[in-house]
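Encoded as structure tokens, the structure appears first; notes follow it.
Derivation of every value follows stated rules applied to the coordinates shown; laboratory data play no part. All figures in this text were calculated on a predicted structure; none of them were measured in a lab. Positions of Cβ are backbone-derived with ideal geometry, glycine not excepted, and every protein chain shown enters the neighbour counts.
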Amino acid sequence: MDGHPVNPEPHPQQGLDAHLVVVRGTNPKRGNESATDDSDRSTHRRNASRDDQTFRLDLRLRVEPGETVALLGPNGAGKTTALRALAGLEPLSDGGIILDGALLDRPRNSTGTGTGNNSANTRDRWVPPEHRRIGVVFQDYLLFPHLNALDNVAFGPRRRGTGRAEARGLAADRLARVGLADFAKRRPSQLSGGQAQRVALARALATDPALLLLDEPLAALDARTRLDTRVELHRHLAGHAGAAVLVTHDPVDALMLADRLIVIEDGRAVQEGDAEAVTARPRTDYIARLVGLNLYRGTASGRTVVLESGTVLATAEPLDGPAFAAFAPSAVALFRDEPDGSPRNTWRASVSGVHRHGDHLRVQLDGPLRAAADVTPAAAAHLALAPGRDVWAAVKATEIRAYPA
Amino acid sequence: MPTARTRRRRRIPAALLAPAVLGLAFLILPLAGLLARAPWSELPARLAEPAMLDALRLSLVTATAATALSLLFGVPIAWLLARGDFPGRSLLRALVTVPLVLPPVVGGVALLLVFGRNGIVGSWLHDRFDLTIPFTTTAVVLAMTFVSMPFLIVSVEGALRGADTRFEEAAATLGAGRWTAFTHVTLPMIAPGVLAGAVLCWARALGEFGATITFAGNFPGRTQTMPLAVYLALQTDMEAAIVLSLLLLAVSVIVLASLRDRWTATP
């Protein structure tokens with residue numbers, strides 16, 4: 001990953017330029033926040049054991065105005081931590097955040113082992129969340145239950161100094177833009193999930209933030225609402241002039257809503273690019289699973305890739321050095337007996353599982369090459385596929401994509 | 001074949017049922033006795049007696065003042081206890097709740113020692129402002145506040161602990177500082193808890209006796225609240241005592257009814 005260096009001096013560059021480093025678990029004090037009894041010995045023991053497993057987020061992020069970047073990754077990868085650091089809800093341990101040329105957060109000692117202390121004397125700069133030009137759509141929206149939809153949306157403009165009447169007018173306009181003009185007087189408890197999501201979006205956008213942050217914005221919705229809301233959200237993101245960072249573990253959300261994807265695992269970016277690049281050439285098992293590809297790591301030399309397991313795959317394109325090899329489950333053909341003919345990859349495998357997958361069956365193969373294969377129900381019947389059965393698997397060289405690791 | 005109802009009834013063991021019934025009788029009979037002995041026919045006339053009205057007025061005014069003071073100081077204390085992160089917080093919480101278990105008379109003695117003319121604060125107030133607190137209406141309010149504020153603190157702290165702090169984070173991202181987030185988001189969200197605490201606090205202040213009679217004395221019109229009047233009337237005019245008691249009982253029942261959901265529901 002090539003990151004842009006974070007300039008310590010304010011500079012006129014627009015958009016978001018951040019190097020987010022958050023270290024957790026090195027300072028016992030941090031784990032103490034939720035402890036009710038500070039003299040409780042067991043609390044200290046719990047903190048001590050928590051210290052053993054430190055988490056470190058280290059992510060460079062550059063988002064242009066008008067651009068939407070998705071942070072995609074499994075639970076616990078650090079996506080939400082990154083979002084909270086950008087919002088100012090969590091201080092950086094190291095690095096810095098620059099939004100539209102203004103430095104928002106920068107710890108003084110760039111040692112990489114921050115204390116999580118955001119008092120002024122450990123920081124070169126700390127802008128609290130209420131003074132950042134940000135808007136956040138929280139995962140469960142966090143609409144204020146005691147305010148109606150209109151006052152929820154007007155809350156931001158009011159806090160930033162807009163008069164009551166003007167803020168309400170602005171909020172009404174925002175609600176109309178998300179198609180909820182008739183729901184202004186409703187309390188959050190009287191809104192459906194999809195409506196609440198749109199109110200949350202209107203509320204986050206009402207202050208015209210330079211940076212819009214969305215934390216799993218569609219995760220709380222049912223499948224049907226999700227589809228409609230996703231289309232809506234895409235429209236609003238396209239109309240948003242500022243930068244936007246979207247956090248999600250759903251690849252469909254990421255692919256459809258974002259201009260660029262950053263795949264995060266264990267606090268680090270493991271892959272970055274647009275939807276096409278990321279899905280065509282996955283670099284982690286997580287993404288390979290998400291997009292439904294068999295993925296292997298190995299060393300390429302010419303038109304072969306030697307995998308870590310020792311298996312050799314024949315490919316069509318020549319390549320040298322550390323490489324990934326990927327192929328789709330539909331590219332795998334299964335046979336009862338060893339096939340012969342055109343040069344291709346064949347190996348003996350045993351069936352470890354068979355599951356329905358759309359209109360075909362997905363077969364899990366064990367053996368020298370663990371892989372998933374898609375077959376038609378007819379083929380499965382013909383092969384008498386069942387767990388434990390031995391088969392021959394074959395993949396054409398042209399179906400295997402090899403790319404540098 | 002036994003019905004579900006009789007089967008269920010049969011399950012209650014006598015060893016539990018008997019003490020439960022006896023206990024209930026013990027709780028309910030005195031109240032019933034109060035109602036039975038009440039001079040219902042003369043009630044309106046007796047309630048209109050000036051002495052009665054004075055005690056009632058004084059009780060309502062002082063209990064309300066004590067509740068206002070408790071809200072003013074108790075809510076910030078509850079916030080410190082619920083959200084503060086400082087050493088000795090648990091000790092502070094223990095100290096705050098001491099008046100809950102302290103015999104009120106002891107509280108009255110303690111107040112007298114501090115605010116009395118020879119007390120630390122009392123002597124200063126007297127020398128500096130020529131103010132004397134003991135045996136005044138102010139003393140009644142202070143005594144009530146001392147014993148009743150912990151009820152408010154405990155209730156509000158519980159509400160604050162139950163409140164989701166992420167709403168405050170949401171408010172912060174919308175431009176609200178901590179104080180604005182407290183007044184515009186947290187406080188409205190815990191309003192039911194604050195209200196319940198205030199009602200409890202008010203009821204406790206209304207019934208306050210021990211600390212009041214020790215610290216404020218028993219002067220009709222000035223420091224003689226209803227519980228004090230009841231006690232005094234017991235020795236001279238039994239019927240007046242019953243009427244006053246009925247009044248206090250009515251207030252308690254109204255408070256209980258208004259709190260029904262929070263008070264009887266398991267926390």
Relative contact order of chain A, pairs being alpha-carbon contacts under 8 Å that are 6 or more residues apart, as %: 15 percent
Viscosity 0.890 mPa s, 25 °C: Kirkwood-radius Stokes-Einstein D of the range A:197-270 over Cα pairs, µm²/s: 189 µm²/s
Contour excess over end-to-end distance, with Cα ends at residue B:20 and residue B:83 and 0.36 nm allotted per residue: 18.6 nm
Cα gyration tensor shape of the range A:180-227, rounded if a/c is under 1.5, else prolate or oblate by comparing a/b with b/c: oblate
Estimated D of the range A:292-405 in µm² per second, where Rh is the Kirkwood radius over Cα pairs and Stokes-Einstein applies at 37 °C, 0.692 mPa s: 231 µm²/s
Spatial separation of Cα centroids for the range A:298-337 and the range B:39-116, in angstrom: 80 Å
Number of partner chain Cβ atoms within 10 Å, mean per residue of B:237-244: 0
Spin-label zone in the range A:369-392 - amide nitrogen under 12 Å from a point set 7 Å from the Cα of residue A:337 along the C-beta vector: none
Volume per residue of the C-alpha convex hull in chain A, rounded to whole Å³: 190 Å³
Inter-part distance where the range A:265-292 and the range A:201-253 are each reduced to a Cα centre, Å: 21 Å
Residue-averaged beta-carbon neighbours from other chains (10 angstrom radius) around B:187-197: 1
Rounded, prolate or oblate (a/c below 1.5 giving rounded, otherwise prolate when a/b exceeds b/c) for the range B:159-265 by Cα gyration tensor: prolate
Per-residue mean of C-beta atoms belonging to partner chains within 10 Å, peptide A:142-153: 3
FRET E, pair residue A:228, residue B:183, Förster distance 41 Å, beta-carbon r, rounded to 0.05: 0.65
Computed over the range B:51-264: relative contact order in percent, which uses C-alpha pairs under 8 Å that are six or more apart: 30 percent
Chain B: DSSP helices with Cα axial extent of at least 20 Å and average Kyte-Doolittle hydropathy no lower than 1.6: B:14-37, B:238-258
Per-residue [θ]222 nm for chain A (sum of -39500 (n - 2.57) over DSSP H runs n ≥ 4, rounded to 500): -7500 deg cm²/dmol
Value at 222 nm in deg cm²/dmol, rounded to 500, when DSSP H runs of n ≥ 4 in chain B each add -39,500 (n - 2.57): -24000 deg cm²/dmol
Dipole-positive endmost among B:72, A:267, B:113 within the protein assembly as shown (Cβ charges, Cα centre): B:113
For the protein assembly as shown, share of DSSP beta bridges that run antiparallel, in % to the nearest 5: 80 percent
Cα gyration tensor shape for the range A:120-201, rounded if a/c is under 1.5, else prolate or oblate: prolate
Semi-axes of the equivalent ellipsoid for the range B:1-120, Cα gyration tensor, largest first, Å: 41, 32, 16
Per-selection Kirkwood Rh - chain B (Cα, Å, 1 d.p.): 21.4 Å
Charge dipole of chain A about the Cα centre (unit charges at C-beta), most positive-ward option of A:294, A:25, A:332: A:25
Average projection area in nm² (convex hull over Cα atoms of the range B:46-94, one quarter of hull surface): 4.6 nm²
